[in-house]
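These notes concern the structure reproduced below.
The values are calculated or read from the model by the stated rules, or taken from the named source; none is laboratory data. Note that the coordinates shown come from a computational prediction; the quantities given were computed from them, not determined experimentally. Cβ coordinates were reconstructed from backbone atoms using ideal geometry, including for glycine residues, and neighbour counts include every protein chain displayed.
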Amino acid sequence: MPLCGTPRVLVVKQNMKKYIISLLILCLVLGGFYLINKKIEEKAQAKEKIQTLPNFQFLAMDSTLFTASDLPSRKTILVYFNSTCEHCQYEAGEISKNIGQFSHVNLLFVSEQNLAEIRTFAETYGLGKHENVRFLKAPDNGFYKLFGSSPIPSIFIYNADKQLINNYKGETKIELLITDDE
């Protein structure tokens with residue numbers, strides 16, 4: 001007699017296994033949808049956040065804090081860079097060659113590298129000696145927290161009222177930087 005009940009136990013165990021596997025798959029799918037939705041929401045929030053120049057606090061080359069409120073009220077071009085990036089090097093070279101056309105704007109070069117590397121980059125391209133050009137160090141992940149995910153280089157152009165005019169990702173033609181109107 002005990003053998004008669006054994007197949008039922010096996011069927012129940014098999015059904016329970018299918019139920020648990022189905023439940024796990026459902027949880028994974030729902031978790032995936034949640035993560036995708038969260039990423040989309042974060043991107044939308046970051047995009048909204050940068051419509052006005054974020055109130056940043058970055059370290060200047062003299063190790064003092066430099067904030068968005070320290071900027072003169074005029075067009076601002078913010079370049080997020082890394083000194084080892086060849087596209088960033090090209091961008092800095094082009095800006096340096098055309099520096100006269102940027103005399104009416106705030107030029108901010110921001111990196112998360114150490115101050116020595118940033119200083120060397122500024123000196124290599126002769127940009128640190130101009131009154132309207134600042135080289136700044138963002139804390140680790142500090143740029144990401146304010147501007148969202150940004151490839152290197154990324155360029156953000158703000159008008160005198162600190163409203164975003166344009167945002168470029170990657171190497172950008174100098175003509176676009178010069179001609180972006182307020």
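Take region 69-79 and flag every residue that is out of contact with any Leu (no Cβ under 9 Å at 6 or more places or on another chain) and surrounded by 17 or more Cβ atoms within 10 Å (Cβ to Cβ).
The first filter runs over region 69-79 and keeps only residues out of contact with any Leu (no Cβ under 9 Å at 6 or more places or on another chain), leaving 69-70, 72-75.
Residue satisfying the conditions is Lys75 alone.
Taking interchain pairs and intrachain pairs at least six residues apart, which have beta carbon atoms under 6 angstrom, with the first residue in region 101-129 and on the phi > 0 side of the Ramachandran plot and crowded, with 19+ Cβ neighbours inside 10 Å and the second part of a helix (DSSP H, G or I) and small (Gly, Ala, Ser)?
none
Between a first residue in region 149-175 that is on the phi > 0 side of the Ramachandran plot and a second residue that is exposed (fewer than 14 other Cβ atoms within 10 Å of the Cβ), which pairs have beta carbons less than 8 Å apart while being 6 or more apart in sequence or on different chains?
So the pair list comes out as Lys162/Thr52; Gly170/Pro151.
Which one of these is at pLDDT 80 or above and closer than 18 Å to Gln163 by Cα: Ile20, Ile50, Ile25? Give the derivation first.
On the way: Ile20 fails: closer than 18 Å to Gln163 by Cα; Ile25 fails: closer than 18 Å to Gln163 by Cα.
The conditions single out Ile50.
If you check every pair at least six apart or on different chains, which have Cβ atoms under 8 Å apart with a residue in region 130-144 that is touching a residue at least 24 places away in the same chain (Cβ under 8 Å) first and a residue that is assigned to a strand (DSSP E or B) and of a type in the set (Ser, Thr, Tyr) second?
That search, which allows pairs on different chains as well, returns Phe135/Ser111; Leu136/Ser111; Lys137/Ser111; Ala138/Ser111; Phe143/Tyr80.
Restricting the search to region 82-129, which residues are among the hydrophobic types (A, V, I, L, M, F, W, C) and over 18 Å from Thr179 (Cα atoms)? Walk me through it before giving the result.
Keep residues of region 82-129 that are among the hydrophobic types (A, V, I, L, M, F, W, C), which gives 85, 88, 92, 95, 99, 102, 105, 107-110, 115-116, 118, 121-122, 127.
Those that are among the hydrophobic types (A, V, I, L, M, F, W, C) and over 18 Å from Thr179 (Cα atoms): Cys85, Cys88, Phe109, Val110, Leu115, Ala116, Ile118, Phe121, Ala122, Leu127.
Somewhere in region 144-162, is a residue buried (at least 18 other Cβ atoms within 10 Å of the Cβ) and part of a helix (DSSP H, G or I)?
So far as region 144-162 goes, yes, one or more of its residues are buried (at least 18 other Cβ atoms within 10 Å of the Cβ) and part of a helix (DSSP H, G or I).
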